[in-house]
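Participant: For reference, the structure I am asking about is given below.
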Amino acid sequence: MRSDDRVSRSGHDLPTRKSLPETFDGYIFPIGAANIKRSIIGRMAVRSCVVSFPDVSGIRHSVDVEAESLYEAAILAIKRFRKDPWVERVGDGTVIEVEIREPSTTHALSVRQIERWLSSATRSPADASKKAKLKMMLVQS
């Protein structure tokens, strides 16, 4: 075993940063690696994102945010959109597009999907705390 290899308590090889693809962004991980995924997501770097949506008139509104996750970026943007007098209402069916910079990646999700994720079960107290904080941000916007 090389010095940069790691082994879990169950004897399975754990991936190292070197073994992950260059485009790894923390959102996708091999099945059966939930504990590894949680630990990597828990250490995700803050990323610069452009979050946008088209309103009912076809006007696209966008905002720059910094966030640790896709959902946090969407919620921060929704909060800012709801405070902006130039932006029409952001409803449950509104599809929010999140573009992550460096490496550039784009994701689209509806406000309804964000609310479902916030209401879903959590795996740890840290995840529950983060979801509670994000839920308060969304409700207060």
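Participant: Filter the trypsin sites (Lys or Arg not before Pro) in the range 50-141 to those in DSSP coil with at most 12 other Cβ atoms within 10 Å of their Cβ, and list the result.
Facilitator: On the way: sites: ARG60, LYS79, ARG80, ARG82, LYS83, ARG89, ARG101, ARG112, ARG116, ARG123, LYS130, LYS131, LYS133, LYS135; in loops: ARG89, ARG101, ARG123.
Sites meeting the loop and neighbour criteria: ARG89, ARG101, ARG123.
Participant: For ASP127 and SER104, what is the calculated FRET efficiency with R₀ set at 30 Å and r taken between the beta-carbons, to the nearest 0.05? Can you show the working numbers first?
Facilitator: Details: r = 27 Å, r/R0 = 0.90.
Efficiency for this residue pair is about 0.65.
Participant: Once you have the Kirkwood Rh of the range 71-140 from its Cα pairs, apply Stokes-Einstein at 20 °C and 1.002 mPa s and quote D in µm²/s. Don't skip to the answer; put the middle values down first.
Facilitator: Values: Rh = 12.9 Å.
It comes out at roughly 166 µm²/s.
Participant: Give the residue list of chymotrypsin sites (Phe, Trp or Tyr not before Pro) in the range 55-94 that are DSSP loop and have at most 10 other beta-carbon atoms within 10 angstrom. If you can, show how the numbers build up before the last one.
Facilitator: Details: sites: TYR71, PHE81, TRP86; in loops: TRP86.
Answer by residue number: TRP86.
Values in this text are rule-based calculations from the coordinates and carry no lab data. Just so it is clear, the model here is predicted, and its values are computed rather than measured. Note that each Cβ is placed from the backbone with ideal geometry, even for glycine, and that neighbours are counted across all protein chains shown.
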